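Taking it in order: structure first as C-alpha cells, then the write-up.
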Amino acid sequence: MRDSVVFAQVKTLQGMRRTALLSTGALEIHVRSVADRTGSKFPAFIPDERLDAIAPGRITTMAAVELCMAGLWYRACDGYVIADLDLVERLGRPARGRWLRAVSRFFREHLLPV
C-alpha cells in the first residue's frame, strides 16, 4: 500500500473519537496491518510473523500494546484479532471505489459550503 494512502487513513483515524488519543506510529501499524491482510482468508487476524514483517519487533510490540489497550486489537493465539471492522471493510473495497468516495467527501467538506 502506498504511503499516501496509509497516511490518509491515519489522518482519518486521528479525527475519530475512539482513536484520537493513539500515537501516530500505532495508527500507522494498524493501517498497514489491515492493508496487509486485505484479500486474505481471515482479514481481521494478523499473525505475529506478518506483524514482524511490517516493522521491527520492538515497534510492533509497543503499537500492539497500545492498540490492545484502546480495544482495537485483541490478543489471540499466535497473533491479534483486529476489532476495527470498519477499517477492515473500508480497505477491503477496491481502490477505485475508495478514491471516488474520498473525492466526493472532499467536495462535500470543502467546496459545497462556499
(request) For the stretch 3-111, evaluate the Debye formula with one uniform point scatterer on each Cα (no solvent term) and list log10 I(q)/I(0) at q = 0.17, 0.23 Å⁻¹, rounded to two decimals. (result) -0.78, -1.36
(message) From Cα pairs below 8 angstrom and at least 6 apart in sequence, can you work out the relative contact order of the chain, rounded to a whole percent?
(response) 23
(message) What does the net charge come to around VAL65 if you take all other residues with beta carbon closer than 12 Å to its beta carbon, with K and R at +1 and D and E at -1?
(response) +1
(request) Please give the peptides 26-37, 46-57, 10-21 ranked by average Cβ packing (other Cβ atoms within 10 Å per residue), highest first, as a rough proxy for protection. (result) 26-37, 46-57, 10-21
(request) Read phi for every residue in the stretch 19-28 and hand back ³J(HN,Hα) as whole Hz from Karplus 6.51 cos²θ - 1.76 cosθ + 1.60, θ = phi - 60°, with x for Gly and Pro. (result) 10, 5, 8, 6, 5, 4, x, 5, 5, 5
(request) Would you grab the residues whose amide H sits under 5 Å from the one on ALA83? Only those 5+ places off in sequence or on another chain, please, with H modelled 1.01 Å from N. (result) TRP73, TYR74
(request) Place +1 on the Cβ of every Lys and Arg and -1 on the Cβ of every Asp and Glu in the stretch 3-111, take the dipole about the Cα centre, and give the residue among LEU22, ALA8, TYR80 whose Cα lies farthest towards its positive end. (result) ALA8
(message) With +1 assigned to the C-beta of every Lys and Arg and -1 to the C-beta of every Asp and Glu, and no other charges, what is the dipole magnitude of the chain about the Cα centre in debye, to the nearest 20?
(response) 540
(message) To make sure I understand, if each residue's beta carbon is the centre and we count other beta carbons within 10 Å, what order do VAL65, VAL103, VAL5 fall in, fewest to most?
(response) VAL103, VAL65, VAL5
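Any read-out appearing in this document is the output of simple, stated calculations on the displayed coordinates, not a laboratory observation. Remember, it's a predicted structure, so these values are computed and weren't measured experimentally. Note: ideal-geometry Cβ built from the backbone for every residue, glycine included; neighbour counts use all protein chains shown.
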